1. In this structure, does D:Leu216 turn out to be among the aliphatic types (A, V, I, L, M), under 30 Å from A:Ser80 (Cα atoms) and within 14 Å of chain A (Cβ to nearest Cβ)?
2. Does A:Gly317 satisfy being in contact with a Ser or Thr (Cβ under 8 Å, 6 or more places away or on another chain) and surrounded by fewer than 23 Cβ atoms within 10 Å (Cβ to Cβ)?
3. Among the residues of the range A:191-199, is there at least one that is surrounded by fewer than 22 Cβ atoms within 10 Å (Cβ to Cβ), outside any helix (DSSP H, G or I) and either at pLDDT below 95 or among the acidic types (Asp, Glu) (or both)?
4. Where in the range D:43-129 are there helices (runs of 4 or more DSSP H), lying wholly inside it, with at least 3 residues that are open to solvent by 10 Å² or more (accessible area, probe 1.4 Å)?
5. Kindly establish whether D:Gly103 is facing another protein chain (nearest Cβ under 9 Å) and either hydrophobic (A, V, I, L, M, F, W, C) or over 29 Å from D:Ser258 (Cα atoms) (or both).
6. Tell me, which residue of the range A:1-35 that is free of Cβ contacts under 8 Å to residues at least 60 places away in the same chain and closer than 25 Å to A:Gly234 by Cβ is farthest from the chain's Cα centre (by Cα)?
4 protein chains.
Amino acid sequence: MTDAQQFASDNYAGICPEAWQAMDRANRGSASAYGDDDWTQRASDAFRDLFETECEVFFAFNGTAANSLALASLCQSYHSVICSAQAHVETDECGAPEFFSNGSKLLVAPTESGKLDPQAIRKLATGRADIHFPKPRVVTITQPTETGQVYTVAEVQALSAVCRELGLRLHMDGARFAHACATLGCRPADITWRAGVDVLCFGGTKNGMAVGEAVLFFDPALAQDFDYRCKQAGQLASKMRFLSAPWVGLLESGAWLSNAEHGNACADRLAAAVADLPGVDLMFPVEANAVFLTAPDTVLDGLRARGWRFYTFIGGGARFMFAWDADPARVDALIADLRAVAGDAGADAFACAAA
Amino acid sequence: MTDAQQFASDNYAGICPEAWQAMDRANRGSASAYGDDDWTQRASDAFRDLFETECEVFFAFNGTAANSLALASLCQSYHSVICSAQAHVETDECGAPEFFSNGSKLLVAPTESGKLDPQAIRKLATGRADIHFPKPRVVTITQPTETGQVYTVAEVQALSAVCRELGLRLHMDGARFAHACATLGCRPADITWRAGVDVLCFGGTKNGMAVGEAVLFFDPALAQDFDYRCKQAGQLASKMRFLSAPWVGLLESGAWLSNAEHGNACADRLAAAVADLPGVDLMFPVEANAVFLTAPDTVLDGLRARGWRFYTFIGGGARFMFAWDADPARVDALIADLRAVAGDAGADAFACAAA
Amino acid sequence: MTDAQQFASDNYAGICPEAWQAMDRANRGSASAYGDDDWTQRASDAFRDLFETECEVFFAFNGTAANSLALASLCQSYHSVICSAQAHVETDECGAPEFFSNGSKLLVAPTESGKLDPQAIRKLATGRADIHFPKPRVVTITQPTETGQVYTVAEVQALSAVCRELGLRLHMDGARFAHACATLGCRPADITWRAGVDVLCFGGTKNGMAVGEAVLFFDPALAQDFDYRCKQAGQLASKMRFLSAPWVGLLESGAWLSNAEHGNACADRLAAAVADLPGVDLMFPVEANAVFLTAPDTVLDGLRARGWRFYTFIGGGARFMFAWDADPARVDALIADLRAVAGDAGADAFACAAA
Amino acid sequence: MTDAQQFASDNYAGICPEAWQAMDRANRGSASAYGDDDWTQRASDAFRDLFETECEVFFAFNGTAANSLALASLCQSYHSVICSAQAHVETDECGAPEFFSNGSKLLVAPTESGKLDPQAIRKLATGRADIHFPKPRVVTITQPTETGQVYTVAEVQALSAVCRELGLRLHMDGARFAHACATLGCRPADITWRAGVDVLCFGGTKNGMAVGEAVLFFDPALAQDFDYRCKQAGQLASKMRFLSAPWVGLLESGAWLSNAEHGNACADRLAAAVADLPGVDLMFPVEANAVFLTAPDTVLDGLRARGWRFYTFIGGGARFMFAWDADPARVDALIADLRAVAGDAGADAFACAAA
């Protein structure tokens, strides 16, 4: 993969040094299997320290499983899960939540931005109250959203208030949770359990790990038998230390946050640079490590011609994602190319208009 | 963990050098996600080279998932899977095969040794032919078995013959497949597809990887849409290269086989040493990297007192497992301790008898 | 229940004489269980005669199960089912299709009328082609639709053509299939297998039975092991004759069609009568036994005050459904009341406008 | 079916007069759907009267579904259900419990008689306590057992005591519950909730109905959302009155008990008659409406030659089942034929021995 392709996804990045070194240290000698080892204990404690609470911590292999297992633990097959139309669980998990829960339906709020609001939840949760429709039981929000926006603490509090009122649980898909914390500058506890979140899936892969997500239950009662659930669903690692040690590396060093800050900064750098580019606009506020741009086809084609790669699956806009290892020089190169092709496009348009 | 504890499980070992180095190399720069990368292509090709056939290759996180997904792909919920009473899918997967298949029942043959034979298959497959009982559809064998015995090529051929006759598919749980190959000295193809195996789950974790198993479909038609199945079930790694690169390290270097040979040799060493120990007996022929010993409680307690750890879940015998990194000096230390406590026990018995 | 309430649903009707008499006859003496009886054979043959083909016939207890089992047999958990936004499987089955299939997602086309068209199918079927989204595998249409419209033979042919082109199966939810046949005046074969339908769920309950639906597979290969599927899912009746005999009563007497014709005629009678009523409009063309009316709240309240009951869950319009036993005199009474309250409302409106 | 075949199963009988008449009465006029009707209310109240408690009552189509749904409501997919080796849920439901629960494993106690005892429960419930094996959560007993034996009140109390101690729920499969009550002569409450049963599936089909079972939750908390579960699983009848009215007929008339008494009496009659027949033995104590006989092949063949039909799936013995409509004259005819062929066989044996 060329350097010009790496901003297409923050899944393209490798393992950050802190995670790698922890794996290296963990790879010395033998250790008990299935989580009964020091690294797993230490990683769990690091989460409890970071979140300032005695949460229950589980480790799953990827976000598909972490989120689906968490949702399945909160509902039965005949319940439903309220999410936004942009939610990853709805659009990109191949029906995993339905599979793990044996049929729980996702009720999709037609949001523009991917952010749920209390009204949308209330409407979906109270629209039907008969047994011919799955009973709403959980709300899931993605923090930050798939389009890179961050729920404020007040927003999460407002969501959890309506959840409590309506008897719903609140789940947070934190595939890029660290990026939200970096943006908000708040303690992780403030945007999760103190704001009413019941379960958090904290993403490790996009934070610099090879593989692995953590599932945090802030209400221990909800975690009952979750270890059995993980095992049965193929999410219990035998050599667990290699899933947990990288978390020790990330959490104890602070890399979990600095990695996210770096990605966010790169996104800000790109966003700032395009502010004055004619015809190029931000599709969404840039609040995390993603930038979605709308631009004329000639601009997008021009970027592609110069080797840049990006997805356009949301509204036809170009998505750029900045991982922990995004090279600022490459971001500048992207900016320069974008200016060049947008300038050409502007000149073309001028020429065209003048003709 | 002390050195004296490591023989309790081959899951206690870390990552072997060849796998580690491949991960290290894979961790340079960016790479496409979800398997669309060079390492995954190279690992798949290495499997096809090793097995001398154009098999379809998939990577899953662990054996629970690999075996359960493979079985689920071979049957519907109302079908059944024939296995031995010692089969890991029956005894140690917390109902994972039933979960992934949405209800397929395991039909358990009451074998002593964990090895299925054609008669046992025929009996279970033909015992019922009414719709009130799940229709047999797959046979799964563990190679080597959970008690460390290896099916010969002729034995697998005999099993596949009865499977073909009865319309059953043949699945091989190869959590320690490499150890079987090391014992048999045959080509991997000879003990799998050439002998009639439809699908193989080739274990990486016990072969020296941090995590990961490969699922090989020798009949490409059976692999249809298996990628969707993996994705939905939470078994698709975004940074796939870190699941596939270690396979490149193992397969291209030959470590997959030498790792297994080493484990097997340690087991043989222990087995040979206890042959003449009074009161200590092998529970099963030692054909892979496991040794199951029966011994008086005083002997087992004596070993525990000297720090050794082992499981006794099968028939009350002590299980010792030797991983790729088993230290021969520690094996010798175990032998010495075993001789010492068995000798004491013998002396005690003699004294007791003489008294 | 008063007579004024019965038009709220065609599920409120009882068992028609032909079905009842067949049950009565079937209730003489003993019979083999689980479908191995003469009545079940005779009912199956009656279906094959009616559809002029050697279809495979199964009997399920209700439409929820019949449709869900049929869909589950056509796809795997990671596949998806294309349906209209008004489809009963989407709106009123409490996630049954997802449950029976262990997670198949419904892809909903945002139709106004509840009728799918080839463009909608093509758009949903080709919108995504990556493993992060369930692979489309089946199209289901309701004939007539939940809002009482009938697909013509040409329309079904056009749907099946696009299905064949895209590798999709075509399922027909025929909860009121007889009503569609009555409207079309065509042979059942013409609107099903000859038009490209793979599987039909033919509704018995709304056709005059106490309970029971038939699942017809026109391609026998698709029916493989469907009997096991029914059994496992709790849809195999031990005293099967009481599910099958009523079909004999309906099919051999022609009541299946005359019952439907009667319901349709009552709907037409109401539709014709409101054509000239000011402020009262048909929401959908009346092509089966349902009439959906929009009317001012005063009119709807006026009807309720006179004892009439009706659902308003679709667009706020009043739904009236006419069963096999709808009393024409009561239809006329409804018409008279509707005229009265609409006239009052019109007079009110006039008075209001004049004031 | 000839009269000589009817004793092969109590599923061969039709609908008893009391159930039929209730259906007939229910078939007058219209009624609300989905259980919101007078008959369903009346049937539910009749159960509450009969059981002297405010239990929650649900109606399912058949025993497969009733038992499977009840078990699924008591456990999660990673839990397990303890049952006897003869339990119908294990041997004759095609994996339905596993399907409805999405993978709960049945742990089978190797009983001879089909009756569980506290020791067997304790052994299975405490044998494993690691996450690699499904966690025991429910015990299910069949009352009477599949081989026709009845748990006494004291026995059920002893089972529930061990369940309470071990944190297990107790479910009773009462496919022929009425027959057990007839034998015990106790109040239904005494053998169910007063003895510690949490959930009862009360069989209607074998008690004289066309179709239908009742699920009774004695702890209302356990019934939460069970109506959604039934709906999603295809077990909610739209014209519910036809499932509930027959229960009114059975319960209010006392036929539920007299039907069972009649079947039991016929079984007793046969059992008494064979007591002195040489070579013919009862396999199990006759405590309900089933008689299992062992007899020489010549005897069984002789019966078959005279037209009698019976199953031999349990231990090769001949099973005779007596339904509510068993004709005593036919029982006597069976006895006479049995005497004749057994006498012949005895004579043959004598002749053979004398030769």
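1. No, not satisfied.
2. Numbers: in contact with a Ser or Thr (Cβ under 8 Å, 6 or more places away or on another chain): yes; surrounded by fewer than 23 Cβ atoms within 10 Å (Cβ to Cβ): yes.
In short, yes.
3. Scanning the range A:191-199 turns up no residue that is surrounded by fewer than 22 Cβ atoms within 10 Å (Cβ to Cβ), outside any helix (DSSP H, G or I) and either at pLDDT below 95 or among the acidic types (Asp, Glu) (or both).
4. In the range D:43-129, D:63-74, D:88-91, D:118-126 are the helices (runs of 4 or more DSSP H) which contain 3 or more residues that are open to solvent by 10 Å² or more (accessible area, probe 1.4 Å).
5. Yes, satisfied.
6. Applying the filter and picking the extreme gives A:Ser30.
Okay, residues lined up against (1) within 12 Å of another protein chain (Cβ to nearest Cβ); (2) farther than 18 Å from B:Arg169 by Cα:
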residue: B:Ile82; (1), (2): no, no
residue: B:Cys94; (1), (2): yes, yes
residue: B:Ala109; (1), (2): no, no
residue: B:Ser113; (1), (2): no, yes
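Each row is one residue, and each column tells you yes or no for (1) away from chain C (no Cβ under 14 Å); (2) in contact with a helix residue (DSSP H, G or I) (Cβ under 6 Å, 6 or more places away or on another chain); (3) open to solvent by 10 Å² or more (accessible area, probe 1.4 Å).
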{"site": "D:Lys231", "(1), (2), (3)": "no, no, no"}
{"site": "D:Gln235", "(1), (2), (3)": "no, yes, no"}
{"site": "D:Pro246", "(1), (2), (3)": "no, yes, no"}
{"site": "D:Glu261", "(1), (2), (3)": "yes, yes, yes"}
{"site": "D:Ala275", "(1), (2), (3)": "yes, no, yes"}
{"site": "D:Phe284", "(1), (2), (3)": "yes, no, yes"}
{"site": "D:Glu287", "(1), (2), (3)": "yes, yes, yes"}
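The values are calculated or read from the model by the stated rules, or taken from the named source; none is laboratory data. Being a predicted model, the structure only gives us computed values, none of them experimental. Quick reminder, even Gly has a Cβ in these numbers, built from the backbone with ideal geometry, and neighbours come from all protein chains shown. Areas reflect the complete protein model, heavy atoms only, side chains present, ligands, DNA and RNA absent. Shrake-Rupley method; radii C 1.70, N 1.55, O 1.52, S 1.80 Å.
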